[in-house]
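The values are calculated or read from the model by the stated rules, or taken from the named source; none is laboratory data. Computed from a predicted model, the values in this text were never measured in an experiment. Cβ sites come from the backbone with ideal geometry, for glycine too, and all protein chains shown count toward neighbours.
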Amino acid sequence: MSQFKRYDAFAIEPVGDMDQGQGRRDIRERAAAQKGSVAAAGRDDSVYLEAIMKQIRFLPDDPTYCAAGARLHCRASVDGACASYAITAEALEDHFGARSCRSDDLLTAFQVHRGDIEEVARLLFEQTGSKEITLHSGHFRFAG
């Protein structure tokens, strides 16, 4: 059975017969180097995971409507690189009170609940390491 070594908060890569203790030390060392803090190399796992979390920014502009996929697309940045996320009409209707899949209804629901939507988008960006994600109804069902 191969062991796994974490290279960032959620991506894993097999590294052969490395022992688990060595993997944890490598994570702490990497976190300390990235954060530039001796405290990040301590015993508390939350400290070193926090140090290697992604920097995610959501741009304040209005989302664009995609009629073909019935969704809204929004811009973001992850660790300074361009990123984007979309939210389906179904998610906006099921969880945020959009009256229909018309662009005006979706945009109104998005604007009212933007903070909640961006919170789930942030979690998905962090968990997947992707620069392009789509939020579906199920993401909100399990998020809260």
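A quick yes/no check of all residues on (1) in contact with a strand residue (DSSP E or B) (Cβ under 8 Å, 6 or more places away or on another chain); (2) surrounded by fewer than 16 Cβ atoms within 10 Å (Cβ to Cβ); (3) at pLDDT below 95; (4) under 13 Å from Ala67 (Cα atoms):
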residue: Ile87; (1), (2), (3), (4): yes, no, no, yes
residue: Leu92; (1), (2), (3), (4): yes, no, no, no
residue: Phe110; (1), (2), (3), (4): yes, no, no, no
residue: Ala121; (1), (2), (3), (4): yes, no, no, no
residue: Thr128; (1), (2), (3), (4): no, yes, yes, no
Residues that are in a loop (DSSP other than H, G, I, E, B), modelled with pLDDT under 55 and within 15 Å of the chain's Cα centre (by Cα): does the range 45-52 have at least one?
yes
Looking only at the range 84-117, count every residue that is part of a loop (DSSP other than H, G, I, E, B) and within 20 Å of the chain's Cα centre (by Cα) and tell me the total.
1
